[in-house]
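Single-structure report; data block below.
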Amino acid sequence: MAEASRFALDLKAFAEKVPQSVKKTVNLVSVQLLERIVLRTPVGNPDLWKVNIERKAKGLPNYPPGYVGGRLRGNWNVGVNQVVMAVRPVDKLGGETIQRGQRVLAVRQDNDADIYITNSLPYAIPVEYGWSTQSPTGMVRVTVTEFQTLVNNAVAANDY
């Protein structure tokens, strides 16, 4: 009988721990997915653009003047139970974009089911499908192949 009551106590402790552990696991995996997507997003390099290679051959400066890359990288958005299509500023290094996503996930409630990682710029899809020589295999497709490994590692780290 003592074994049965101990088993019941172990189950109760597990049941109390699981909701918080599940939320922690979901948030951890979501942040890791976001980090990988953001950091795999190419930052525009005018030296690689065909138009600028041709301009350079003619002794002309790069076009457009004053260009700063990082707009695509800065426009990854995290939404909980909704798709966020806000247009964001340039984030060449990606740190601000990742932190913004972490803040969204930190306030996610236990009953929030859907997490969306989206990019609001229209050229995100062409870049994903090979438009950029810097990221010919995309950002999202490569990251999705790592999803199960990320989940397995997060579950193991939570020690259910």
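Using R₀ = 25 Å, calculate the FRET efficiency as 1/(1 + (r/R₀)^6) where r is the Cβ-Cβ separation of residue 54 and residue 123; round to 0.05.
Working from the Cβ atoms, E equals 0.75.
When Rg is the radius of gyration of the Cα atoms in the chain and Rh is its Kirkwood radius, what does Rg/Rh come to?
Reported Rg/Rh, Kirkwood definition of Rh: 1.18.
Could you pull out every whole DSSP H run in the chain that spans at least 30 Å of Cα extent along its own axis and averages -1.0 or higher on the Kyte-Doolittle scale?
Membrane-span-like by this criterion, though nothing is claimed about a membrane: 2-40.
Please name whichever of 153, 67, 38 sits farthest to the positive end of the charge dipole of the chain, dipole taken about the Cα centre and charges placed at Cβ: Lys and Arg +1, Asp and Glu -1.
In the chain, that residue is 67.
Arranged by the count of other C-beta atoms within 10 angstrom, fewest first, what order do 47, 112 take?
Ordered from fewest to most neighbouring Cβ atoms within 10 Å, 47, 112 come out as 47, 112.
When Lys and Arg each count +1 and Asp and Glu each count -1, what net charge do the other residues less than 12 Å away from residue 137, Cβ to Cβ, add up to?
Net of charged neighbours comes to +1.
If R₀ is 25 angstrom, what is the calculated FRET efficiency for the pair residue 109 and residue 134, using the beta carbon separation as r and rounding to 0.05?
Approximately 0.10, to the nearest 0.05.
Let me see the pair-distance distribution of the stretch 69-160: every alpha carbon pair, 10 Å bin width, integer percents in order.
Bins of 10 Å from zero give 15, 40, 35, 10, 0 percent of pairs.
Quick one: net charge of residue 38's neighbours, Cβ under 13 Å, K/R +1, D/E -1?
+4
What's the Kirkwood radius of the stretch 26-76 in Å, using all Cα pairs?
One decimal place: 12.9 Å for the Kirkwood radius.
So, how do all the Cα-to-Cα distances of the stretch 100-151 break down into 5 Å bins, in percent, from 0 on up?
4, 15, 18, 20, 20, 14, 6, 2, 0
Magnitude of the Cβ-charge dipole of the chain, K/R +1 and D/E -1, about the Cα centre, nearest 20 debye?
660
In what order do 120, 30 fall by count of nearby beta-carbon atoms within 10 Å, going from fewest to most?
120, 30
Values quoted throughout were computed directly from the atomic coordinates according to the rules given, and no laboratory measurement underlies them. Since this is a predicted model, take the numbers as computed values, not measurements. Don't worry about glycine lacking a Cβ; one is built from the backbone with ideal geometry, like all the others, and counts go over all protein chains shown.
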